[in-house]
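Take a look at the structure below.
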Amino acid sequence: MNGFSPQSHLLLVILTPLIGAVVAWLLGSRGLSAVRQSAAVTSLATLFLAGWLVLRYLGDGAAAAGIPYARVEVPWLTGGLFDVRLALGLDGLSLWMFALSALLSVTAVFVSWEAVTERAVGFYSLLLVLEAAMLGVFAARDVLLFYVFFEFTLVPLFFLIGIWGHEERRKAAVKFFVYTLAGSLLTFLGLLAIVLWNTSQTGTVTFDIESLTDATLAHPLPLAAEMAIFLALLAGFAVKVPIVPLHTWLPLAHVEAPTGGSVDLAGVLLKIGIYGFLRFSMPMLPEATAIAAPWLFALGVVGILYGALVALVQTDLKRLVAYSSVSHMGYVVMGLFALTPVAVEGANLQLVNHGLASAGLFAIVGMLYERFHTRSIANLGGVATKAPWLAVFFLLFTFSSIGLPGLNGFVGEFMILAGSFQRAWSGVSPAWQTFYLTLSLLAVVGVVLGAWYMLQAVQRVFFGPSREPPRGAGHGHAAGHGHGHSHGHGQGLADPADRCDIRWHEVMALAPLAVFVLWIGLAPSTFLAPVAPAVRATTDAAAGAFAARMAVAPATDIVSEPSASPPLAAAP
């Protein structure tokens, strides 16, 4: 075991899903059972390897010192002007998202166990390819690999939605692909501009993320160029989050996606945008981040309230959870751009918290659909009497989503709100103090609205009068049936055998998520302490630039020339 290097270990984690996809494809001739069993074994093996790698990371002294762990470098274009090396590695920013990608892939496989029976070879192969791409995004240590993996996540999800989705699957797949591809192309142009600036200052072409970060701090870009690049990066990252008003692709993609696709989309893929802000925008473009921070903070609050109010009027349970996701990602945006240590650390933790809760909720909505062939809240009721364990899990993830004390969601939201109020009282002018205080109070209103729409849905679906969907409820958008699922259109009432309580593969999908919901809620320092130094170091430059601006600028002059304060000035 000691001869198994961390570098080899990291490569094995990323390659295992790709190998599993090939195996699943080759086993296609042996039938559905062989294919899904091979996918389950692959996802569980990947999770085991990823968990083992996280334990090695936490036990390594170099990781605690902020040095990238298990760094792998492959020379690609070296000599003369070029020093391009494809690199992989883990640090505090990527550690938990890397692990979450492996965990939710297990959930995606098991939640699809009986939901997908047609073209299962292609489905499970694409699901495993998507897992490898997600792992690669968070392990990439150079711009080229990050962009390749970033784009590659689009391809399998496009086909998963377009082939195995519901009635409007093709429209949803195209809209998802066009939105995210257009944004990511602008992001790549922004990253390329940073590379060219570094080349002009150092005389060497490199795509290494650490080298580019150090170079932009040592040789800051002109403010106009920095703002232009920031906006280019914002285009791709904001669509991915998504930040309102660039969110319109998300509810449709969630509603039309197969359940396994929704789990990965909500749990991991939405987080890549926030990760991009942390990895590139904040450390490399601190002055532009400081200028844009108040307005992105405000957009985060707008997203909280908009998503919550729209969720309140939904009649489709899956669409309700989709708009809930828009609302809760608003808290992450708000925390990130509060630029206080507490809020930023809370936002980083909330990425994991939201991934666990939203994946669990989407998974259970899919399980309910398999039983009753409808997602219409009006056609469901008294489900807790038929499936009490499903009700228990749904309540747990609901309480996590609305921030019940003792569960993971409370920790993240409390830190974000505390850090946001701290921003209102930390070295800002009276006008900006009013700005931040008002928005922070509105975010608290969002917490109340979140509890309202989620608990109302729980009461109607699980604890209201017992109802069965009427005959023919399988028709129509709200009760639309996914192409490739095991039930036919228009079946209406579920078969008695389908109304049983939780099945073994559903326990495999939900139980690991429930464990971490409780673990993070009861012992958050286990997850905060290992990554806090990396998160704070990433935001130091932007926080310092923000503090310097706010100390000298009135509310109407936030876009003035950059201050002379050093970029690494301490945050207030």
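The values are calculated or read from the model by the stated rules, or taken from the named source; none is laboratory data. Quick caveat: nothing in here was measured; it's all calculated off a predicted structure. Neighbour counts run over all protein chains shown; Cβ positions are idealised from the backbone, glycine included. Keep in mind that these areas ignore ligands, DNA and RNA; they rest on the heavy atoms of the full protein, side chains included. Shrake-Rupley method; radii C 1.70, N 1.55, O 1.52, S 1.80 Å.
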Look at segment 160-177 and say how many of its residues are assigned to a helix (DSSP H, G or I) and in contact (Cβ under 8 Å) with a residue 24 or more places away in the chain. 10
In segment 246-290, anything farther than 21 Å from Phe123 by Cα and among the polar types (S, T, N, Q) is listed as Thr248, Ser281, Thr289
Quick check: is even one residue across segment 461-470 of a type outside the set (Phe, Trp, Tyr), at pLDDT below 50 and farther than 30 Å from Leu103 by Cβ? no
Give me the pairs, please: first residue somewhere in segment 416-432 and charged (D, E, K, R), second residue anywhere and at pLDDT 90 or above and outside any helix (DSSP H, G or I), beta-carbon distance under 8 Å, and either six or more positions apart or on two chains. Arg423/Leu339; Arg423/Thr340
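I want to confirm something. Restricting to segment 200-229 and keeping residues that are touching a strand residue (DSSP E or B) at 6+ places or on another chain (Cβ under 8 Å) and open to solvent by less than 30 Å² (accessible area, probe 1.4 Å), which single residue is farthest from Pro68 (Cα to Cα)? First the steps, then the outcome.
Applying the first criterion (touching a strand residue (DSSP E or B) at 6+ places or on another chain (Cβ under 8 Å)) to segment 200-229 yields 204-209.
Applying the additional criterion that residues be open to solvent by less than 30 Å² (accessible area, probe 1.4 Å) yields 205-209.
Numbers: Val205: 21, Thr206: 18, Phe207: 16, Asp208: 12, Ile209: 11 Å.
Checking each candidate, the answer is Val205.
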Output the number of the condition that Leu233 fails; it satisfies all remaining conditions of (1) open to solvent by less than 10 Å² (accessible area, probe 1.4 Å); (2) free of Cβ contacts under 8 Å to residues at least 40 places away in the same chain. (2)
Checked segment 356-388 for anything over 26 Å from the mean Cα position of the chain (by Cα) and outside any loop (DSSP other than H, G, I, E, B); matches are Arg371, Phe372, Ser376, Ile377, Ala378, Asn379, Gly381, Val383, Ala384, Thr385, Lys386, Pro388
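Being open to solvent by less than 10 Å² (accessible area, probe 1.4 Å) and free of Cβ contacts under 8 Å to residues at least 60 places away in the same chain is true for just one of Ser94, Ser184, Ser112. Which residue is that?
Details: Ser94 fails: free of Cβ contacts under 8 Å to residues at least 60 places away in the same chain; Ser112 fails: free of Cβ contacts under 8 Å to residues at least 60 places away in the same chain.
Only one candidate passes the filter, namely Ser184.
Please determine, by comparing only the residues of segment 402-449 that are β-branched (Val, Ile, Thr) and more than 27 Å from the chain's Cα centre (by Cα), which one is least open to solvent (accessible area, probe 1.4 Å). Explain how you work it out, then say what you get.
Taking segment 402-449 and keeping what is β-branched (Val, Ile, Thr), we get 402, 411, 416, 428, 434, 438, 444-445, 447-448.
Applying the additional criterion that residues be more than 27 Å from the chain's Cα centre (by Cα) yields 428, 434, 438.
Values: Val428: 22, Thr434: 84, Thr438: 67 Å².
My answer is Val428.
Quick check on this structure: which one of Ala457, Ala473, Ala497, Ala451 is assigned to a helix (DSSP H, G or I) and either at pLDDT below 55 or touching a Gly at 6+ places or on another chain (Cβ under 6 Å) (or both)? Walk me through it before giving the result.
Details: Ala457 fails: either at pLDDT below 55 or touching a Gly at 6+ places or on another chain (Cβ under 6 Å) (or both); Ala473 fails: assigned to a helix (DSSP H, G or I); Ala451 fails: either at pLDDT below 55 or touching a Gly at 6+ places or on another chain (Cβ under 6 Å) (or both).
From the options Ala457, Ala473, Ala497, Ala451, the qualifying one is Ala497.
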Filter result for Leu336 (part of a helix (DSSP H, G or I), more than 30 Å from Tyr124 (Cβ to Cβ) and over 15 Å from the mean Cα position of the chain (by Cα)): no
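Examine segment 269-284 for a residue that is in a helix (DSSP H, G or I), among the basic types (Lys, Arg), over 24 Å from Ala547 (Cα atoms) and touching a residue at least 40 places away in the same chain (Cβ under 8 Å), and state whether such a residue exists.
Kept after step one, since they are in a helix (DSSP H, G or I), are these residues of segment 269-284: 269, 271-284.
Checking the rest, the ones that are also among the basic types (Lys, Arg) come to 271, 279.
Still in the list and also over 24 Å from Ala547 (Cα atoms): 271.
Within this subset, residues satisfying the condition of being touching a residue at least 40 places away in the same chain (Cβ under 8 Å) are 271.
The answer is yes, given that some residue of segment 269-284 is in a helix (DSSP H, G or I), among the basic types (Lys, Arg), over 24 Å from Ala547 (Cα atoms) and touching a residue at least 40 places away in the same chain (Cβ under 8 Å).
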Tell me which residues, restricted to segment 287-325, are open to solvent by 10 Å² or more (accessible area, probe 1.4 Å), assigned to a helix (DSSP H, G or I) and of a type outside the set (A, V, I, L, M, F, W, C). Glu287, Tyr306, Arg319, Tyr323
Condition check: over 21 Å from the mean Cα position of the chain (by Cα) and either modelled with pLDDT of 95 or more or aliphatic (A, V, I, L, M) (or both). Does Ile502 satisfy that? yes
